[in-house]
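Nothing in this text is a laboratory measurement; each read-out follows from the coordinates by a stated rule. Since the structure is predicted, the reported quantities are computational estimates derived from the model, not experimental observations. For neighbour counting, all protein chains shown are included, and Cβ atoms are generated from backbone atoms with ideal geometry for every residue, glycine included.
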Amino acid sequence: MLAVSNLEVVYDDVIQVLRGVSLEVPEGSIIALLGSNGAGKTTLLRALSGLLDVHEGEITKGRITLDGQPIHRKRPEQLVGLGIKQVLEGRRIFAEFSVEENLRIGAYVSNRGMRDAMQRVFDLFPILADRRRATAGYLSGGEQQMLAMGRALMSSPRYLLLDEPSLGLAPRLVEQIRDLIVQIRDQGTTVLLVEQNANMALSIAEHGYILETGKIVMDKPAVELIEDEDVREFYLGMA
Ligand code: ATP
């Protein structure tokens, strides 16, 4: 299990963004992390994938553990080696390379492993197989999101950290991405799903956390969050 306990994160030595966050991501689950703009969701993902440094951020208190072992001092490539892989918000594909080249960049495997991994990704996202030679920058928004997810899946991670995969996508594509996340979980990858689309996230997650100004304000099974009056009003847009 991946676990965060009492985590505090500060940017530029002074701006405190996480204020004692605790969260658990049990193996085999989809866990939703919800919260409005600026709550600190991306910051938590950066802490989990070792990317705080790049943004002048620092963990000042608390810990992150994988199967009970502390991992919050590890570098991004070590965390990838342990099976923790993040799909960045905004997708960050290599626009000038082809779909297939983007997938190759995601793999840290032998040629044989590469073929198998690519086949798995193409089975999951047939549209990428159809467009394998297309230049990534010319794909639609939904296809680019699939490519970013496919690239992360090339190394068969234990944990996939998704930062707002539904951002900017039409409802039909959001549904498709949602179904794909379920398939990814069913194939054995545990998912931490950061979303502003609470409806989408809670419809597939087992458990959800709501982060507000750096603190977890709700921590409940997804079915209970969907029924909660405040959640319905503030996050699901139902009065
Ligand atoms: P969003 O949905 O807008 O991405 P979020 O919940 O993911 O929001 P974060 O991106 O983690 O929130 O940002 C939380 C707070 O930290 C914001 O106030 C933001 O301005 C601040 N912040 C983020 N990155 C940095 C940085 N590199 N230096 C200073 N402050 C930062």
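Ordering V54, L34, G214 by Cα displacement along the dipole of the chain toward the positive end leaves V54 in first place; charges were set at the Cβ atoms of Lys, Arg (+1) and Asp, Glu (-1). Residue-wise HN-Hα couplings along the stretch 65-73, as the Karplus relation 6.51 cos²θ - 1.76 cosθ + 1.60 with θ = phi - 60° gives them from phi, are 10, 10, 6, x, 8, x, 10, 6, 9 Hz; Gly and Pro carry x.
Could you pull out the GluC sites (Glu not before Pro) across the stretch 80-181 that fall in loop regions by DSSP (anything but H, G, I, E, B) with no more than 16 other Cβ atoms inside 10 Å?
When the GluC sites (Glu not before Pro) of the stretch 80-181 are filtered for loop state and at most 16 Cβ neighbours within 10 Å, E89, E96 remain.
Please report the spacing between the Cα centers of the stretch 23-91 and the stretch 146-167 in Å, no decimals. If we compute the Cα centre of each part, the gap is 14 Å. Considering only DSSP beta bridges where both residues belong to the stretch 91-239, give the percentage that are antiparallel (nearest 5). DSSP beta bridges in the stretch 91-239 are roughly 60 percent antiparallel.
In this label model, R158 and E101 are separated by 3.4 nm, measuring between points 7 Å along each Cα→Cβ vector. For V217, project a label point 7 Å along Cα to C-beta. Then give me every residue of the stretch 21-54 with its amide nitrogen under 14 Å of that point. The answer is 34-41.
With contacts defined as alpha carbon pairs under 8 Å and 6 or more residues apart, what's the relative contact order of the chain in percent?
Values: 450 pairs, mean separation 63.2, N = 239.
Relative CO of the chain lands at 26 percent.
Short-range pairs are left out: with C-alpha atoms under 8 Å and at least six residues apart, the relative contact order of the stretch 1-90 is 34 percent. When the chain is modelled as a GNM with alpha-carbon springs shorter than 10 Å, which of I31, I216, I15 fluctuates the most? Maximum fluctuation in the GNM of the chain, among the listed residues, is at I15. Between F94 and E229, the simple label model (points 7 Å from Cα in the Cβ direction) yields a spacing of 5.4 nm. Label separation (M1 vs D116): 3.0 nm, computed from points 7 Å beyond Cα along the C-beta direction. Here the dipole of the stretch 1-81 is about 100 debye; that uses its Cα centre as origin and unit charges on the Cβ of Lys and Arg (positive) and Asp and Glu (negative). In a DSSP loop and with at most 13 other Cβ atoms within 10 Å, the GluC sites (Glu not before Pro) in the stretch 1-68 are E27, E56.
Our estimate of slack between I59 and Y138, defined as 0.36 nm per intervening residue step minus the Cα-Cα distance, is 24.6 nm. If you keep only loop residues by DSSP, which chymotrypsin sites (Phe, Trp or Tyr not before Pro) in the stretch 61-160 have at most 13 other Cβ atoms within 10 Å of their Cβ? Passing both the DSSP loop test and the Cβ count: Y108.
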